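As structure tokens, the structure follows; a few thoughts come after it.
Just so it is clear, none of the values below were taken in a lab; they were calculated from the coordinates. Everything quoted here is computed from the prediction, not taken from an experiment. Positions of Cβ are generated from backbone atoms using ideal geometry, with glycine treated the same way; all protein chains shown enter the neighbour counts.
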Amino acid sequence: MIGKAVQQATRLIQVRGFHASRAHYIAVGELLPNIPLQEGSPSKEISSRDLFKRNKRALLIGVPGAFTPGCSKTHVPSYLDSHPQLKQKGVDLVACVSVNDAFVMKAWGESLGTEGKIRMLADPKGDFVKALDLAFDATGVLGSIRSKRFAMLIEDAVVKKIYVEPDNTGITCTLARTILEDL
């Protein structure tokens, strides 16, 4: 009887031990998923992998939402202010992704003055951040799933460094000054 229970428990552990999705977010050394993102309008789709493969060294920042206070007043402006230093350190592209529609991301970018400095990418259904395992349920506050706040150094579509806020939305380890110190 005990032997059979142990066999059943072992089988349960083996079955539950196999998951189609990772328990943790994308890791250093992994290739970015090939998910379409939008830039400027829903008709202008761009492959995430193609975008980051074309640029030798890129920085991708993920934010919970366009026009939210922390994103608009602190997080994204830290990258705008540090843009010259990021270029000096060899960053060819800085992009920002959020689970918002392309029109909202375009308007937000215009309001912040990101043109020529930060590409504003829309992930309207959250497919990209879900594939990175960097989505969280923000239904109670922002109405849907959202991106955790993160920053990612990418070279030829491969993750080289990743910074994720432990509480999903705080602004500590993902500020531009932190990234600059590590470059």
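Quick notes on this structure:
- Rounded to the nearest 20, the Cβ-based charge dipole of the stretch 60-128 about its Cα centre (Lys and Arg +1, Asp and Glu -1) stands at 160 debye.
- Rounded to 5, percent antiparallel among DSSP beta bridges of the stretch 30-182: 70 percent
- The convex hull defined by the C-alpha atoms of the stretch 30-182 has an orientation-averaged projected area of 7.8 nm².
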